[in-house]
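These notes are about the structure you will find just below.
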Amino acid sequence: MRLANILVALLLVGPAFGCSRPESQLIGKWAEEGMNDPVNYFFEFFSDKTVIMKGPDYPFSGTWSILSNGRIKADFEMPYGGKMAVLGKLDEKTFIVDLDGETVKFARIPASNLKPLSASYDYEFTVAMGTSEFTSDSDSIFIAKAILENRLKAADVPSQVTVSDNKQLLIKVATNEQKTAERIKHLITTTGLLEFRLVHPKNDELIKNLFENRKVPKGYEIVLLPGSPWGDYWMRKGSPLTEPERASLREFEGQAGFDLLLKKEVFEGRDYFRPYYVSRNAELTSTSLESASVCHQQFGKKAVQISFDDKGRKIFAKVTADHAPGGAKNPDPHGRHFLGIVLDGTLCSAPYIRTSIPGGKVVIEGNFTLEEANNWALILQSGALPCQASILNETKL
């Protein structure tokens, strides 16, 4: 059967997929019966809620979930634009597909038919924890070890994490098509610190003055973003920011107690940046995080939805109540206060605080790709590293 036929109308039918059935039964590769060659499998479900639908020629990536009625739902981004939703049910160990009156069965590819990850590891990374300003102690090393073990396990990366005598982490990993060395390095070195920081109450005025006076940091230029209500933006010239340049940028046209951070907008494949003065003090951090997951928004945009624990919910409700128009710290009924959402020092968004938010759920927008959103959800769920991690050495085994 051709993959194109599946794309036209795909409905998996059969006995109900019971809510009590372990989700683990879905994880793995599924091929049309009689086509157990791993090259020709059509579906692969991963425990991080991502799914790949493949044929001999085309791969389609997406996310999957189990609905309240037990149905399996997979949402795919089409490479030529648009989306496709797949609904299905699992009948014991078989998917049953009804296409134009024709019943087609998909069976799990036996593990013996697959090329497994090597029993040995592909890469070894030597990882240092800390910076010149912060030297990690034994507690921090073992906290980092536990967090990285959880991250790699959640990402289905076979790994071994050990602590060396000189307080470094030795991380051995096995890679495959989906879990590349570059993605694994990102999971290892990303701190994962989420902060909610208030934007300067006079930010609009301060930023307007920057543009009117044509003040722009070194390495940037002022450009006009078509169709934007803001008009002027900054665009990076040349190479990406170095750490010293990033530190200098935070101090640009300094405001006491505030960092200058840039919010990125993507238009026709180009990156535009809008500056914000954001408080250095966090009202709330990822230490109060309860869960994180990927969510899909209009126009195919990806975001990360988080929820707070009881303590975090109370803090977030108070902060948003105090800074909403007419609140204790924003008595003007027309006053506009903004809350910066910062991931590892990068401003993802700065939404206007309209009213108190007591539910403790927040959507983080940041021009994420599906892989980026999945990585951030996984990283946030596993917890923030106690300090910065850097790879000192990488060896292909």
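No lab work stands behind these numbers, since they all come straight from the coordinates. Since this is a predicted model, take the numbers as computed values, not measurements. Using ideal geometry, Cβ is built from the backbone for each residue, glycine included, and neighbour counts are taken over all protein chains shown.
Over region 234-347, what portion of Cα pair distances is larger than 24 Å, expressed as a whole percent?
Percent of Cα pairs beyond 24 Å in region 234-347: 43.
Based on the Cβ-Cβ distance of D332 and K264, what FRET efficiency does E = 1/(1 + (r/R0)^6) give at R0 = 35 Å, to the nearest 0.05?
Plugging the Cβ-Cβ distance into 1/(1 + (r/R0)^6) gives 0.70.
Using R₀ = 25 Å, calculate the FRET efficiency as 1/(1 + (r/R₀)^6) where r is the Cβ-Cβ separation of I391 and E371; round to 0.05.
Given R0 = 25 Å and the Cβ-Cβ separation, E is 0.80.
Using 7 Å Cα-to-Cβ label points, what is the T162/T285 separation (nm, one decimal)?
Result for the modelled spin labels: 3.2 nm.
Can you pull the one-decimal nm distance between simple spin-label points at K314 and A247, each 7 Å off the Cα toward Cβ?
3.8
Where in region 327-349 is the amide nitrogen less than 19 Å from a point lying 7 Å along the Cα-to-Cβ axis of E212?
Answer for this model: 336.
Between H296 and A154, with labels modelled 7 Å along Cα→Cβ, what's the label distance in nm to one decimal, could you check?
2.2
So if I take the alpha carbon set of region 296-374, get Rg, then get Rh from the Kirkwood formula, what is the Rg over Rh ratio?
We get a ratio of 1.02 for region 296-374.
If you average 1/r over all unlike Cα pairs in region 342-397 and invert the result, what Kirkwood radius do you get in angstrom?
14.4
Find the eigenvalues of the gyration tensor of the Cα atoms of region 161-272, then list the square roots of 5 times those eigenvalues as equivalent ellipsoid semi-axes, largest first, in whole angstrom.
36, 19, 13
Could you derive backbone 3J(HN,Hα) for region 65-70 from the dihedral phi with the Karplus parameters 6.51, -1.76 and 1.60 (θ = phi - 60°), listing whole Hz in sequence and x where the residue is Gly or Pro?
8, 10, 6, 5, 8, x
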